[in-house]
Amino acid sequence: MGNSYIAFKALLKGLDLEVILPPPITQRTLALGSKYAPECACLPLKTNVGNFIEALELGADTIVMAGGWGPCRFGYYAQIQRGILEDLGYSFNMVVFEPPDTGFDDLIEQARFLGGGIRFKEALSLFKFAWNKLIACEKLEKAIEFYLPRSEEKEQALAVYRQGLQAIDMAESREEVHFCADQSIQRLKNLSCRNDIQPLKIGLLGEIFTILEPGTNYYICETLGLLGVEVKRSIYLTDWINDHLLAGLVKKSRRKKIIKRARPYINYWVGGHGRETVGYAVEYARRGYDGLIQIGPLTCMPEIVAQTVLPRVSEDKGIPVMTLWFDEQSSAAGIQTRLEAFIDMLQRQKSSYSREVEA
Amino acid sequence: MRVGIPQGLFYVYYYPLWKTFFTDLGVEVLSTPPSNRKIIDQGIAHAVDETCFPVKVYFGHIAELCQEEMDYLFVPRFVSVERKHYICPKFMGVPDMVRASFTKLPPLLSPLVDLSRTDKHWRKEIMKVGRHFTWRGKKIEQAYQHGMEELERFRQLTRQGYSPPEALLVWEGKKLPLPGKGDLNIGVLGHGYALYDEAISMGLIKRLREMECNVYMVEMIEKSYIESRAATLPKRVFWTLGRKIAGSALYLHQQTDIDGLIYLACFGCGPDSLIGDLVKRNMQDKPYMMLTVDEHSGEAGINTRLEAFCDMLRRRRINSESNLPTYGQLLYSLQGSVEGP
């Protein structure tokens, strides 16, 4: 998922495992995925199937996957994917990390399988290292989201960003990781930035996988940045891990506040991130953002609930909302056109509004 | 006092309970006719494009109901009807979606049905609904008890071979003969609110019966059989209906007298997309057909596919075609699956 691979790679490498990274998501990945996965399944499942096939072709013999207990479909992904890959004749191990259903036994057993004879203390320091890489990546992501629309040399800025990610990936120690990130951010700052302009601000809401993995959302953050729009995402992976896996231990969580914001539009948990999507929509509207874009994989159930409710939020709070669904058939040109149109509209609204104020 | 109950989604599973409960509390129950074209069109107009067909039809029923005068609209929030199992995210958000999609609504009665962790709160929710009509807690409790008895009577009827909508008619006092005997035995799977709604499934069950088939439904199979088969799956299916479908499919697959299985899926349904695939992979030597429906209305297409399926099943019996593989194998190759790595 997006740049998080950098952290996972560091984690697994520390466990003395050889990591085979699936190649970046390409047309072929999606083609493979949609060929073998069930037709109506959502996009992440298809992409994953494509990723796994490509990784198995490169010689991987173990697949690590997460699980869950519903009601979102994600919880059953691993089992379906195993069926697909086994029917295709691949032989491999699949390690599925399930949140404990009846006890912690399975989880510990699977961690042992991956970890070999590693000690708890070593494992903890590995986790810390991977966590730092994740934080560094996100720092850089946030920086590019801020500087890209303001920069006058956008291509250059993107190049710096990519180099920065690479450097973080290579870094061997915690200090180096943060040094790389800070250095890249400094370079971004120095790239003739215009701090006097106030770019449009858009909140990007929606389903976690589509938000985090640029390969499935046609690089929407970069596209928007190149169009001169500052993007704020509703989901950053460190927040998610903090809220869901570490029970809010590492840093202060805003989740409760966001869920409160979703009232009265959504009054109960709807699975996935449906409620958070609506909560962030209200939050961003209050902070005076210019527009909102909701993204998700086609047929995503929680996001459909959110999509139904968002027009009401838009009406009440006076903020334009657009929903984009992604499946294996969307084309970059179509997405680009719709984004441009949405942004033109926002721009016009903003300038006419400011003219009104001046007059 | 009048309460409106749209005839959609879980109506087909719980109507006897709801009806008895409200009637016992002295409330008049107002419902909609079975889905028809007008209702469907209204639903499509009100719901967002991406929702599944049954939810759109449900919206249509609400639009239809809203033309009448009533004091409350009954739109329960179904999260979970048993421990650790869910229905589907859309069901969890139905009252919110309804509130956001309609401008003029009577007050909603939406009790929260969430038994996933504990059934402690459930009693309170029943009381909360009942308190709108009476202050006597005992009366509410009795009404609920009576409702559950009626629900059991209704379920008894489905076990005898009536399809749930037929059973509803019988439960209401109509006399209906049990469906006649045919020569083919076909298991029909799918979410009940789609499968048993004639407008959504395009009369799948009726059509099959007209083609001289005995239709086997999830409701007709002994619960313990379903559960024991479902328990053999590599991972517990965490959707209540999905688990029942998968368990029934595995059970029917083992029965030699069942000729084939049909799975009715809704386009865009989350559980269907995965359970359909799961069933397919476990159905290696039994003919299996997956029908996907949405708001298209091509009845001829459904008819053709059903006729072809039945014809094929009959032919399998009489000549050597019965040796043909049903899934995953090429006709002219004797070994291996179609596509290797």
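The values are calculated or read from the model by the stated rules, or taken from the named source; none is laboratory data. Everything quoted here is computed from the prediction, not taken from an experiment. Cβ: placed from backbone, ideal geometry, glycine included. Neighbour counts: every protein chain shown.
Quick notes on this one:
- Within the option set A:10, A:37, A:41, A:31, being exposed (fewer than 14 other Cβ atoms within 10 Å of the Cβ), more than 17 Å from the chain's Cα centre (by Cα) and of a type in the set (A, V, I, L, M) holds for one residue only, A:31.
- Qualifying residues in the range A:175-198 (those that are modelled with pLDDT under 90 and among the polar types (S, T, N, Q)) - the one farthest from residue A:165 (Cα to Cα): A:198
- Some residue of the range A:297-320 being within 22 Å of residue A:226 (Cβ to Cβ), touching a helix residue (DSSP H, G or I) at 6+ places or on another chain (Cβ under 8 Å), within 14 Å of chain B (Cβ to nearest Cβ) and among the hydrophobic types (A, V, I, L, M, F, W, C): no
Table: residues versus (1) at pLDDT below 90; (2) of a type in the set (Val, Ile, Thr); (3) in a helix (DSSP H, G or I); (4) outside the structural domain of residue A:204 (by TED's automatic domain parsing).
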| position | (1), (2), (3), (4) |
| --- | --- |
| A:319 | no, yes, no, no |
| A:322 | no, no, no, no |
| A:344 | no, no, yes, no |
| A:347 | no, no, yes, no |
| A:357 | yes, yes, yes, no |
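- Counting the residues of the range B:268-296 that are under 17 Å from residue A:327 (Cβ atoms) and touching a Phe, Trp or Tyr at 6+ places or on another chain (Cβ under 7 Å) gives 3.
- Single residue of the range B:262-303 satisfying the filter (assigned to a strand (DSSP E or B) and not hydroxyl-bearing (Ser, Thr, Tyr)) that is farthest from the other protein chains (Cβ to nearest Cβ): B:262
- Long-range neighbours under 8 Å by Cβ, at least six apart or interchain, first residue within 15 Å of residue A:79 (Cα to Cα) within the range B:217-244, second of a type in the set (S, T, N, Q) and surrounded by 16 or more Cβ atoms within 10 Å (Cβ to Cβ): B:233/A:79; B:234/A:79; B:235/A:79
- Within the range A:108-131, one or more residues are in contact with a strand residue (DSSP E or B) (Cβ under 8 Å, 6 or more places away or on another chain), surrounded by fewer than 19 Cβ atoms within 10 Å (Cβ to Cβ) and within 14 Å of chain B (Cβ to nearest Cβ).
- When residues in the range B:171-183 are screened for being out of contact with any Lys or Arg (no Cβ under 7 Å at 6 or more places or on another chain) and over 13 Å from residue B:161 (Cβ atoms), 5 of them pass.
- Scanning the range A:266-290 for residues that are surrounded by fewer than 23 Cβ atoms within 10 Å (Cβ to Cβ) and closer than 23 Å to residue B:50 by Cβ yields A:267, A:268, A:269, A:282, A:285.
- Complete set of residues in the range A:59-99 that are surrounded by 15 or more Cβ atoms within 10 Å (Cβ to Cβ), in a loop (DSSP other than H, G, I, E, B), facing another protein chain (nearest Cβ under 8 Å) and modelled with pLDDT of 85 or more: A:88, A:90
- Flag for residue B:321 being of a type in the set (D, E, K, R), more than 19 Å from residue A:87 (Cα to Cα) and modelled with pLDDT of 80 or more: no
- Filter pass, residue B:230 being facing chain A (nearest Cβ under 8 Å) and touching a Gly at 6+ places or on another chain (Cβ under 8 Å): no
- Identity of the residue in the range B:138-184, without any contact (Cβ under 8 Å) to a residue 24 or more places away in the chain, hydrophobic (A, V, I, L, M, F, W, C) and surrounded by fewer than 17 Cβ atoms within 10 Å (Cβ to Cβ), that ends up nearest to residue B:212 (Cα to Cα): B:178
- Set side by side, the residues A:219, A:236, A:280 differ, and just one is among the hydroxyl-bearing types (Ser, Thr, Tyr), within 30 Å of residue B:94 (Cβ to Cβ) and within 18 Å of the chain's Cα centre (by Cα), which is A:280.
- The residue pairs whose first member lies in the range A:29-58 and is within 11 Å of chain B (Cβ to nearest Cβ), whose second member is of a type in the set (Lys, Arg), and whose beta carbons are closer than 7 Å, counting only pairs six or more residues apart or on different chains, are A:37/A:46; A:42/A:73.
- Those helices (runs of 4 or more DSSP H) lying entirely in the range B:182-246 with at least 1 residues out of contact with any Leu (no Cβ under 8 Å at 6 or more places or on another chain): B:204-210, B:223-230
- Residue B:119 being within 25 Å of residue A:70 (Cα to Cα), within 11 Å of chain A (Cβ to nearest Cβ) and either touching a His at 6+ places or on another chain (Cβ under 6 Å) or of a type in the set (Asp, Glu) (or both): no
- As a summary of the residue check, residue A:303 satisfies the conditions (1) under 28 Å from residue A:28 (Cβ atoms); (2) buried (at least 23 other Cβ atoms within 10 Å of the Cβ); (3) free of Cβ contacts under 8 Å to residues at least 40 places away in the same chain except for the one numbered (3).
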